[in-house]
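Trainee: Below: one structure in structure tokens.
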Amino acid sequence: MKLCIVGFLFAFSACFSSLALAQTTQEYSAVQNVSADAAGHIKVETLTNIEPNNSYDRHIHSYWENRYVTEGRDNLANKGITSVSTELNYENFIIIPWFAKGINTDYSEVNLNIIYATVLSKNLELLSGYSAIASREESSNAYDNEVSLELIYSFAQQVQLISSLYYSFDDKVLF
């Protein structure tokens, strides 16, 4: 619980300072936002709101899901999860700490995602990443390390085809 509170305060301070930066920057443009979903998996979305046009950016996301389902598994037996993540972007590198807490269950999870993103062509992007995952459920701790590779083809600004591969070192499985 203390770790979730510390994570939330860190994410809030990063968001607050990012807001101050956005208000003082004069050049703006739409940017691609890379974030993690409730499972820590990479998601790409195009932001249509005003963002600063510089090489450094940071922001925060909070999530609430009534069921925690990943890779087709209901991880918490019909129970939900709340989480907060913050993205720290510098040029092509993205660092995403993600903190989650189960709703009506003794579950918590912390992920640290490090991603490198590059543009291969006008419509094609490649993201490679590493995730360190630590979770706790009813006094049982679990750890995992994953690498990921994502290929994103943009048909139009709001239409993208995303192909993702993840490999779990601890489970020794590719998904």
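Trainee: Output the number of residues of region 102-116 satisfying the condition of being modelled with pLDDT of 95 or more and either out of contact with any strand residue (DSSP E or B) (no Cβ under 7 Å at 6 or more places or on another chain) or surrounded by fewer than 21 Cβ atoms within 10 Å (Cβ to Cβ) (or both).
Mentor: Qualifying residue count, region 102-116: 4.
Trainee: Just for region 117-155: of the residues that are among the small types (Gly, Ala, Ser) and either touching a Gly at 6+ places or on another chain (Cβ under 7 Å) or under 18 Å from LYS79 (Cα atoms) (or both), which one is surrounded by the most Cβ atoms within 10 Å (Cβ to Cβ)?
Mentor: SER131
Trainee: Let me ask something additional. Residues in region 55-92 that are exposed (fewer than 15 other Cβ atoms within 10 Å of the Cβ), in contact with a helix residue (DSSP H, G or I) (Cβ under 9 Å, 6 or more places away or on another chain) and either at pLDDT below 85 or of a type in the set (A, V, I, L, M) (or both): how many?
Mentor: So the count comes out to 1.
Trainee: Then there is this: Condition (residue is touching a residue at least 24 places away in the same chain (Cβ under 8 Å), part of a strand (DSSP E or B), over 22 Å from SER163 (Cα atoms) and among the aliphatic types (A, V, I, L, M)) applied to region 119-131: is it met by at least one residue?
Mentor: No, the conditions are met nowhere in region 119-131.
The values are calculated or read from the model by the stated rules, or taken from the named source; none is laboratory data. Bear in mind that the values here come from a model prediction, so they are computed numbers and not experimental data. So basically every Cβ, Gly included, is an ideal-geometry build from the backbone, and we count neighbours across all protein chains shown.
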